[in-house]
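Comments concern the structure below.
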Amino acid sequence: MDIVDGTSVDGPGLRTAIYTAGCAHACPGCHNPSTWAFDAGHNASVEDILKRVRINDFNVTLTGGDPMYQAKALVPLCDAIRACGYSIWCYTGFTFEQLLEHEDMAQLVRLVDVIVDGPFVQAQRNTDLFFRGSENQRIIDVAESLKAGHAVLAERYYEPSARL
Ligand code: SF4
């Protein structure tokens, strides 16, 4: 859909946010319904996106839409982003447990540092939360979760200082 250079709300510090098209979760109150259509936006090559990421020289956030619907296409991009030394956050409407049940999604999970998971639930909306819209969503440390065999929260990003 778009690339935003230097966002400060989709993870700690300034980040390159890559917005992918397509989401079927249809959360009531979604902040970005224009990204739901799978044929929205335009095609972009891994090379072009990577060039932009390198010029910005920020860590990266995948968002949308739900990037996990394009997991297969994002694997080579995330491989290349990691090879450049940037950390990757990913927002998804799937839960961490659901992601691990799909081969392509699980492969992308393994290339991401932090996942903010779960649908946006309007009844649990809380504007005081950092990096997430509703209480049900979790900020998950992927490496620790894969090691533990269950979702482990990235506690450091729940602290106010994490915004800096
Ligand atoms: S998962 Fe995100 S983009 Fe998709 S409908 Fe829910 S809030 Fe909107």
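The values are calculated or read from the model by the stated rules, or taken from the named source; none is laboratory data. Computed from a predicted model, the values in this text were never measured in an experiment. Reconstructed Cβ throughout: ideal geometry from the backbone, glycine too, with neighbour counts over all protein chains shown. Quick note on the areas: whole protein, heavy atoms, side chains included, nothing else; ligands and nucleic acids left out. Shrake-Rupley method; radii C 1.70, N 1.55, O 1.52, S 1.80 Å.
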Picking from P119, P67, P76, which is most flexible by a Gaussian network model of the chain using Cα springs under 10 Å?
-> P76
When the helix-only estimate is applied to the chain (DSSP H runs of n ≥ 4, each -39,500 (n - 2.57), divided by the residue count), what is the mean residue ellipticity at 222 nm, nearest 500 deg cm²/dmol?
-> -7000 deg cm²/dmol
Keeping all protein chains in place, calculate the accessible area per residue for the stretch 1-102 (probe 1.4 angstrom), answer in Å².
-> 49 Å²
Normalising by the residue count of the stretch 53-115, find the relative contact order in percent from Cα pairs under 8 Å and 6+ residues apart.
-> 40 percent
Residues listed by number, the stretch 61-90, amide nitrogen under 17 Å from A24 label point at 7 Å toward C-beta | 65-73
Please work out the Cα center distance from the stretch 1-32 to the stretch 90-164, rounded to the nearest Å.
-> 14 Å
Over the stretch 2-163, calculate the relative contact order: mean separation of alpha carbon pairs under 8 Å at least 6 apart, over the residue count, as a percent.
-> 19 percent
Tail weight of P(r) past 21 Å, computed on alpha-carbon pairs of the stretch 2-163, percent = 42 percent
Fraction of accessible area attributable to carbon and sulfur, the chain (%, probe 1.4 Å) = 51 percent
